[in-house]
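Here is the structure we will look at, set down as structure tokens.
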Amino acid sequence: QVQLVESGGGLVQPGGSLRLSCAASGFTFSRYYMGWFRQAPGKERLFVATITSTAGSTLYADAVKGRFTISRDNAKNTVYLQMNSLKPEDTAVYYCAASRDYSRSIYPGDYDYWGQGTQVTVSS
């Protein structure tokens, strides 16, 4: 069955870095557009970044532009999110998602599959 499994979250001090990974299985990963979203307690799930199937194009939310980098390795069926210069407002559960039909979409409803999420906490 389809699985997206995130890892790499944790507690980090402001200004620090984390690298999230999302391992995919059960579908043809290289044919899907991949995205990262985040959700803080009591708030809606928000777009963070997305990457096209061949990694030819990326898109970022304004809040993370210049600090976060999305990438993928189709040979390993894995998508990554490198997060640098982390701020307390980046604290959230981070989810990876896969979309078959929508390139560069910022809307959660356009994604077909979701992981279970990984907690990122930025605090001193």
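Miscellaneous remarks
- Residue count for segment 19-28 under the criterion of being surrounded by 13 or more Cβ atoms within 10 Å (Cβ to Cβ) and without any contact (Cβ under 8 Å) to a residue 12 or more places away in the chain: the result is 0.
- Taking the listed residues ARG45, ARG31, ARG72, the one that is closer than 17 Å to GLY115 by Cα, open to solvent by 50 Å² or more (accessible area, probe 1.4 Å) and of a type in the set (D, E, K, R) is ARG45, with no other qualifying.
- Residue in segment 82-95 that is over 28 Å from SER123 (Cα atoms) and touching a residue at least 24 places away in the same chain (Cβ under 8 Å) present: no
- Of the numbered criteria (1) assigned to a loop (DSSP other than H, G, I, E, B); (2) over 20 Å from TRP114 (Cβ atoms), the one LEU11 fails is (1).
- Any chance SER30 is polar (S, T, N, Q), outside any strand (DSSP E or B) and at negative phi: yes
The values are calculated or read from the model by the stated rules, or taken from the named source; none is laboratory data. Remember, predicted model here, so these are calculated numbers, not experimental data. When we count neighbours, we look across all protein chains shown, and the Cβ atoms used for this are built from the backbone with ideal geometry, even at glycine. Accessible surface is based on the protein model in full, side chains and every heavy atom, while ligands, DNA and RNA are left aside. Shrake-Rupley method; radii C 1.70, N 1.55, O 1.52, S 1.80 Å.
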